[in-house]
Amino acid sequence: MSLNDPNAWWRHAVCYQVYVRSFADSDGDGIGDLPGITDRLPYLRDLGVDALWITPFYTSPQNDHGYDVADYRDVDPLFGSLADADALLARAHELGLKVIVDLVPNHTSSEHPWFQAALAAPAGSPERARYLFRDGRGVDGAEPPNNWESVFGGPAWTRVTEPDGTPGQWYLNLFDSTQPDLDWRNPEVGDMFEGVLRFWLDRGVDGFRVDVAHGLYKEATLRDQVVEKGEHASTHDIAAAEEVSHTGGTSMVERTMRDEPMWDQPEVHDVYRRWHDVLAEYDGDRILVAEAWTQSAESLARFIRPDEMQQAFNFSWLLAEWSAEAFTEVITSTFSAMDLVGATPTWVLSNHDVVRHVTRYGGGDEGLQRARAATLTMLGLPGSSYLYQGEELGLEQVDVAPEFRQDPSWFRTGEVGRDGCRVPIPWGDAKPPYGFGPGLDQPWIPQPDHWESMTVAAQESDPASTLSFYQAALAARRGIVDAGNAVEMVDLGPDVVAFQRGHLTVLLNTGSTPVALPEGEVLIASGPLADGSLPGDTAVWIG
Ligand code: GLC
């Protein structure tokens, strides 16, 4: 297990995900915005992260909260202006923080001028050829062109009404019907996105998180998918991911291979080779990080070959159940896959699409204790870690009342959806909006009544708080950089995840029986230690 080229900033960076709508609201409309983020950058510097990734803030009707882009080169007025984006970048760089922005290349918004032009143009026109329009099957083309399902539920095809009022062709939407998939076999599409990359690189962004990076190309024939009985239609299935993480699933390596003509096609790698070369023209080590829900660690590794992207999210830990066996398997299989291509691993426990890890691990005190222990174990590994806003406060998934749910998957399936991990951050005060913004009312998703003790202000002054723990862990992490990149797993019994990394030993006790601590200085622990031993649901770094 080793890594090459250890000096690039991103190889061991801690990157904090900012979900723009829910981080900080500067103007009191109840929705977070770019000036709100800029105001809070000193908080992120003091927390001790190296970089932030900001979810999409471009012009968008907000049907999927910005993952439906109508103009890739402008800021939605809801979030501010291009001048606000420039100010954010300048201030972040002044504070020594890198900034990664989101790029959404698989689909546009249905309000994008290209899609509007496609709707107004006839079947077979160059305007329609930028998307995947096809005639339907069955009598009068009334059936969708194939059997594919949307990740958000229901068929992945929507039928249009032609300009003359007759029922017409269908277009592919692997997500919401307001997110039509682009046809990446059309060279115009690639050229458009190269322009978008350059637009933001010229403004100084340090990298891009590439949304649905395993999408883009579909098998050219758009043939039916072969779905076995009882199988989820898609790897990129948010409901399935949540189910797995609740019920205790398997790592990516163990899952059986599905037939997926819509995902992970070989042609997609040409796109990332082209983008790699574009980034290389710029100074400062800019990066691409893939959001790719692939079926194996090996196929994920293909996205980070030396001439493609720098990083790919490794969702295997986030999908694993609470068990030493599962976590050990995640660590060893991640390193094996990374070694195939000489890449650096990434680690992540929460993001805006999944149930927060405190809740996944059981919620309440037990869930929090486990979440802190998993986080400390993750931060002890070489590679780059991604944190999701609010996890440093120990926030749980919120049970959002149906009338406040906004996730498009909720409207398409009637299933709870992802709103519960997107509730605005409590900064201070004793009641909603807890200092989220200057407004007096609840923000866009209501915050719970019991968050007074969870706010940043309440936790900053408490050395035992989760916020203080994260600050201490990130500070301690700077002290272990010299522990190197080689990791050796140590067998301390079925309930313990243990590894040696240079002079650092990391232990996580997932069971309930205390485990004897090895010799050495305790650098940090995720919770109180009992005399000479590591209690259950606790992790420790020994140096
Ligand atoms: C990614 C995003 C998710 C979004 C989807 C469609 O999975 O993380 O939030 O809904 O892509 O763009």
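The values are calculated or read from the model by the stated rules, or taken from the named source; none is laboratory data. Predicted model, so just to flag it, every value in this text is computed and none were measured. With ideal geometry, Cβ positions are generated from the backbone for all residues, glycine too; neighbour counts draw on all protein chains shown. The accessibility values were calculated without ligands, DNA or RNA, using every heavy atom of the protein model including side chains. Shrake-Rupley method; radii C 1.70, N 1.55, O 1.52, S 1.80 Å.
As an exercise: evaluate residue 149 against (1) more than 16 Å from the ligand (Cβ to nearest atom); (2) in contact (Cβ under 8 Å) with a residue 40 or more places away in the chain; (3) open to solvent by 30 Å² or more (accessible area, probe 1.4 Å); (4) of a type in the set (D, E, K, R) and give the number of the one condition it does not meet.
So residue 149 meets the others, but not (1).
Hey, does the range 180-198 have a residue that's open to solvent by 10 Å² or more (accessible area, probe 1.4 Å), touching a Pro at 6+ places or on another chain (Cβ under 7 Å) and within 16 Å of the ligand (Cβ to nearest atom)?
No, the range 180-198 contains no residue that is open to solvent by 10 Å² or more (accessible area, probe 1.4 Å), touching a Pro at 6+ places or on another chain (Cβ under 7 Å) and within 16 Å of the ligand (Cβ to nearest atom).
Would you be able to say whether some residue in the range 396-419 is over 16 Å from the mean Cα position of the chain (by Cα) and under 23 Å from residue 461 (Cα atoms)?
Checked against the condition, which is being over 16 Å from the mean Cα position of the chain (by Cα) and under 23 Å from residue 461 (Cα atoms), the range 396-419 yields at least one hit.
Considering each of 382, 438 in turn, give the residue that is in a loop (DSSP other than H, G, I, E, B), surrounded by 23 or more Cβ atoms within 10 Å (Cβ to Cβ) and not aliphatic (A, V, I, L, M). Lay out the reasoning, then the answer.
Values: 438 fails: surrounded by 23 or more Cβ atoms within 10 Å (Cβ to Cβ).
The match here is 382.
Which of the residues belonging to the range 164-178 are among the aliphatic types (A, V, I, L, M) and more than 21 Å from the chain's Cα centre (by Cα)?
Answer for the range 164-178, where residues must be among the aliphatic types (A, V, I, L, M) and more than 21 Å from the chain's Cα centre (by Cα): just 172.
Evaluate the range 403-417: report whether one residue or more is closer than 30 Å to residue 344 by Cα, among the basic types (Lys, Arg) and open to solvent by less than 40 Å² (accessible area, probe 1.4 Å).
Within the range 403-417, none of the residues are closer than 30 Å to residue 344 by Cα, among the basic types (Lys, Arg) and open to solvent by less than 40 Å² (accessible area, probe 1.4 Å).
Could you run through the range 499-543 and say how many residues are among the small types (Gly, Ala, Ser), surrounded by 17 or more Cβ atoms within 10 Å (Cβ to Cβ) and part of a loop (DSSP other than H, G, I, E, B)?
Qualifying residue count for the region: 3.
So residue 493 clears everything in (1) surrounded by fewer than 14 Cβ atoms within 10 Å (Cβ to Cβ); (2) within 22 Å of residue 47 (Cα to Cα) except one condition, right? Which one?
(2) is the only condition that residue 493 fails.
Take residue 74 and tell me if it is more than 15 Å from the ligand (Cβ to nearest atom) and modelled with pLDDT under 95.
Answer is no for this residue.
So how many residues does the range 45-61 have that are over 14 Å from residue 175 (Cβ atoms) and over 18 Å from the mean Cα position of the chain (by Cα)?
Going residue by residue through the range 45-61, those that are over 14 Å from residue 175 (Cβ atoms) are 45-55, 57-59.
Those left that are additionally over 18 Å from the mean Cα position of the chain (by Cα): 45-48, 59.
Counting residues in the range 45-61 that are over 14 Å from residue 175 (Cβ atoms) and over 18 Å from the mean Cα position of the chain (by Cα) gives 5.
Counting only residues that are open to solvent by less than 30 Å² (accessible area, probe 1.4 Å) and among the acidic types (Asp, Glu), which one in the range 60-71 is nearest to the ligand (Cβ to nearest atom)?
Filtering first and then ranking leaves 64.
So, residue 336, is that one away from the ligand (no atom under 16 Å from the Cβ), among the small types (Gly, Ala, Ser), buried (at least 18 other Cβ atoms within 10 Å of the Cβ) and modelled with pLDDT under 95 or not?
On the way: away from the ligand (no atom under 16 Å from the Cβ): yes; among the small types (Gly, Ala, Ser): yes; buried (at least 18 other Cβ atoms within 10 Å of the Cβ): no; modelled with pLDDT under 95: yes.
The answer is no for residue 336.
Of all residues being among the basic types (Lys, Arg) and over 29 Å from residue 279 (Cα atoms) in the range 103-137, which is farthest from the ligand (Cβ to nearest atom)? Just the residue, please.
For the range 103-137, the residue satisfying everything is 137.
Assuming residue 270 fulfils every condition listed in (1) open to solvent by 10 Å² or more (accessible area, probe 1.4 Å); (2) in a helix (DSSP H, G or I); (3) within 16 Å of the ligand (Cβ to nearest atom) apart from one, which condition is it?
Going through the list (1) open to solvent by 10 Å² or more (accessible area, probe 1.4 Å); (2) in a helix (DSSP H, G or I); (3) within 16 Å of the ligand (Cβ to nearest atom), residue 270 breaks only (3).
Could you check the range 511-531 and list, in sequence order, the residues that are of a type in the set (Gly, Ala, Ser) and without any contact (Cβ under 8 Å) to a residue 24 or more places away in the chain?
Applying the first criterion (of a type in the set (Gly, Ala, Ser)) to the range 511-531 yields 511-512, 516, 520, 525-527, 530.
Within the range 511-531, 516, 520, 530 meet the criteria.
Name the residue, out of 176, 224, that is touching a residue at least 60 places away in the same chain (Cβ under 8 Å), more than 15 Å from the ligand (Cβ to nearest atom) and not in a helix (DSSP H, G or I).
Criteria check complete, one pass: 224.
Please specify each residue of the range 301-333 satisfying the condition of being in a helix (DSSP H, G or I) and either open to solvent by 30 Å² or more (accessible area, probe 1.4 Å) or closer than 18 Å to residue 357 by Cβ (or both).
Answer for the range 301-333, where residues must be in a helix (DSSP H, G or I) and either open to solvent by 30 Å² or more (accessible area, probe 1.4 Å) or closer than 18 Å to residue 357 by Cβ (or both): 302, 324, 325, 326, 327, 328, 329, 330, 331, 332.
Given the residues 96, 124, 80, which is the only one that is farther than 27 Å from residue 412 by Cβ, open to solvent by 40 Å² or more (accessible area, probe 1.4 Å), assigned to a loop (DSSP other than H, G, I, E, B) and touching a residue at least 24 places away in the same chain (Cβ under 8 Å)?
96
Of all the residues that make up the range 418-427, how many are away from the ligand (no atom under 16 Å from the Cβ) and either open to solvent by less than 10 Å² (accessible area, probe 1.4 Å) or under 17 Å from residue 66 (Cα atoms) (or both)?
Going through the range 418-427 one residue at a time, the tally reaches 3.
Can you name the condition, by its number, that residue 163 falls short on among (1) within 16 Å of the ligand (Cβ to nearest atom); (2) open to solvent by 70 Å² or more (accessible area, probe 1.4 Å)?
(1) is the only condition that residue 163 fails.
Which condition does residue 432 not pass, out of (1) of a type outside the set (Val, Ile, Thr); (2) assigned to a loop (DSSP other than H, G, I, E, B); (3) without any contact (Cβ under 8 Å) to a residue 24 or more places away in the chain; (4) under 30 Å from residue 335 (Cβ atoms), if it passes all the others?
(4) is the only condition that residue 432 fails.
Restricted to the range 277-300, and to residues that are within 16 Å of the ligand (Cβ to nearest atom) and outside any loop (DSSP other than H, G, I, E, B), which residue is farthest from residue 211 (Cα to Cα)?
Filtering first and then ranking leaves 300.
Here is a check on your reading of the model: is residue 464 assigned to a loop (DSSP other than H, G, I, E, B), among the aliphatic types (A, V, I, L, M), under 30 Å from residue 535 (Cβ atoms) and free of Cβ contacts under 8 Å to residues at least 24 places away in the same chain?
Yes: the conditions hold for residue 464.
Within the range 352-374, does at least one residue satisfy the condition of being more than 16 Å from the ligand (Cβ to nearest atom), open to solvent by 10 Å² or more (accessible area, probe 1.4 Å) and within 19 Å of residue 290 (Cβ to Cβ)?
Looking through the range 352-374, none of the residues is more than 16 Å from the ligand (Cβ to nearest atom), open to solvent by 10 Å² or more (accessible area, probe 1.4 Å) and within 19 Å of residue 290 (Cβ to Cβ).
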